[in-house]
Amino acid sequence: MTASLKARYFKADGKAGSARTLPADPFDGVVHEESLHAAVKAHLANRRQGTAAAKTRSQVRGGGRKPWRQKGTGRARVGSIRSPIWRGGGVVFPPTPRSYRIDLPKKVRRLAKRSAFNARASEDRVIVLEDLVMESPKTRELAKLLDKLGIAEEKVLILTAGPRQNVFLSARNLPNVEVQPYGNESAYDVLWADSVVIEESALRSHAKSASEEVTDA
């Protein structure tokens, strides 16, 4: 049985509080490296456009006439100016548009996300924060808060309890800050961040829903 993971706790004004014990779901302490590798590989592959293309000699326009006669010129025999060895000719094995998409089973995606959370929590890179209440978008206020948390120079993923438009707009001009509702993040998003900041109510509601599912089962 793994020991309970804990995280630093801060109030909305940046003042430190006592550490919080993280819920067993998803913070069970298990890091499954194979699923993490598969999730990151699939994420990066699915971002590829796959639009690279070139033409073969049959697709290049022109070249229907033989450039010069077969014999008697002293030059090498040539059948078409669109030969791959000619400038402007076709490509021998050209790239063609294709899909690089990799589909992962739902259980693998879930295991990868749990593993990513556990990896960050074991490194003390998870922070529990009192709910952010912003009446209007204030990039300066959010930047000051991150500075008080000691993570202003890091890549930060903020997970909120549901959509918070003002928090999202406040972070829009901060290049290394991402804001998402808790539950919408992927394993790649968690691993991308140096620190993961989670609103307290998001963890509480997730733990409550998880316990209700267990009770119903």
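Taking the criterion of being of a type in the set (Gly, Ala, Ser) and under 13 Å from ALA53 (Cα atoms), the residues of the range 74-103 that qualify are GLY90, SER99. In this structure, TYR182 qualifies as under 27 Å from ALA19 (Cα atoms) and in contact (Cβ under 8 Å) with a residue 24 or more places away in the chain. Considering the range 190-207, and only residues there that are under 15 Å from THR21 (Cβ atoms) and assigned to a helix (DSSP H, G or I), the residue that is modelled with the highest pLDDT turns out to be GLU200. Does ASP124 satisfy the criteria of being in a loop (DSSP other than H, G, I, E, B) and surrounded by fewer than 16 Cβ atoms within 10 Å (Cβ to Cβ)? Here the answer is yes, as ASP124 does meet what is asked.
Within the option set LYS6, LYS15, being surrounded by fewer than 12 Cβ atoms within 10 Å (Cβ to Cβ) and under 30 Å from GLU199 (Cβ atoms) holds for one residue only, LYS15. None of ALA161, ALA121 is more than 22 Å from ASP13 (Cα to Cα) and in contact with a strand residue (DSSP E or B) (Cβ under 7 Å, 6 or more places away or on another chain) except ALA121.
Only one entry in LYS113, LYS66, LYS107, LYS55 is assigned by TED's automatic domain parsing to the domain that holds ARG204 and surrounded by 12 or more Cβ atoms within 10 Å (Cβ to Cβ), namely LYS113. Consider the range 84-104 and keep the residues that are of a type outside the set (A, V, I, L, M, F, W, C) and buried (at least 17 other Cβ atoms within 10 Å of the Cβ). The one that is farthest from HIS43 (Cα to Cα) is GLY89. Of the set (1) in contact (Cβ under 8 Å) with a residue 24 or more places away in the chain; (2) over 30 Å from ALA143 (Cβ atoms), all apply to ARG20 but (2).
Being outside any helix (DSSP H, G or I) and in contact with a Leu (Cβ under 7 Å, 6 or more places away or on another chain), is that true of even one residue in the range 32-45? For the range 32-45, residues outside any helix (DSSP H, G or I) and in contact with a Leu (Cβ under 7 Å, 6 or more places away or on another chain): present.
The values are calculated or read from the model by the stated rules, or taken from the named source; none is laboratory data. Being a predicted model, the structure only gives us computed values, none of them experimental. Using ideal geometry, Cβ is built from the backbone for each residue, glycine included, and neighbour counts are taken over all protein chains shown.
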